[in-house]
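S.K.: One structure coming up, written as structure tokens, with questions to follow.
Readers should treat all values here as calculations from the given coordinates under stated rules, not as data from a laboratory. Quick caveat, the model's predicted, so the values are computed rather than measured. When we count neighbours, we look across all protein chains shown, and the Cβ atoms used for this are built from the backbone with ideal geometry, even at glycine.
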Amino acid sequence: MKKFLIPLGVISLSVIVLAACHHKKPQTEPTANATTNPSAVSYAVSVKSIVASNCSPCHIPAQGGNKKALDTYDALKANINDVIRRIELNPTDMGFMPFKHPKLSDSTIAVFKQWRDAGMAE
């Protein structure tokens, strides 16, 4: 009887161990974008449209804005730290931007930070 119990136990244990193993599919490479590849963030591709849609008309002189102009690469580059500081504030804090609008999403704020941290490509 022992002759059959030992091999049966080994086979049972092997089946249990092998049943618990999963073969993972290899993950595909994510496509390059602002979230996965910070160096892909540039003013022209990623940042300019955010400024145009969230900072106008106040910071866009061509649209009648009379606040500090942020409508060019050089202007935004020179003020990026202040812009990030202000868009990270809570809406009830003094200096919050965009004024009288909802807080920008964390992912939108992250684009500004990634652009700054990656060297502010034009």
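S.K.: With a 10 Å radius around each residue's Cβ, average the other Cβ atoms per peptide and rank 102-108, 85-91, highest first.
M.R.: 85-91, 102-108
S.K.: What ranking, highest mean first, results for peptides 110-119, 63-72 when packing means the other Cβ atoms within 10 Å averaged over each residue?
M.R.: 110-119, 63-72
S.K.: Let me ask another. According to a simple spin-label model (label point 7 Å from Cα along Cα-to-Cβ), what is the distance in nm between THR92 and SER107?
M.R.: The two pseudo-label positions are separated by 2.8 nm.
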